[in-house]
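Asks: My structure is below; once you've seen it, I'll send some questions.
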Amino acid sequence: MAIFKAHFYNQKTVTELANKYNVSRPTIYKILERGKKGDFSIHKSTNERYRCLKYGIKRLVKIENKLKQN
């Protein structure tokens, strides 16, 4: 609801909101479209990979290895 209010009442642009919340502009557009329909419920990620522990650990190992190289 915060994104919806910021856009429609505080005149924030989609780009500003995407940068603030670290999401893509299409994601902001989806949220705004749902808000127009009155749907302010929380939606889970549709991509299973990003919600699983295995992916998180693999990602963490990659980041740690990059940091060790520098």
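The values are calculated or read from the model by the stated rules, or taken from the named source; none is laboratory data. Every value quoted in this text rests on a predicted model; they were computed, and no experiment measured them. Ideal geometry is used to build each Cβ from the backbone, glycine not excepted, and the neighbour counts take in all protein chains shown.
Asks: Got a number for residues in region 24-35 being touching a helix residue (DSSP H, G or I) at 6+ places or on another chain (Cβ under 8 Å) and free of Cβ contacts under 8 Å to residues at least 24 places away in the same chain?
Replies: Going through region 24-35, the residues touching a helix residue (DSSP H, G or I) at 6+ places or on another chain (Cβ under 8 Å) turn out to be 24-25, 27-29, 31-32, 35.
Filter once more, so that each one left must be free of Cβ contacts under 8 Å to residues at least 24 places away in the same chain: 24-25, 27, 29.
Matching residues across region 24-35 total 4.
Asks: If we only count helices (runs of 4 or more DSSP H) wholly inside the chain, which ones have 2 or more residues that are at pLDDT below 85?
Replies: 48-51, 53-69
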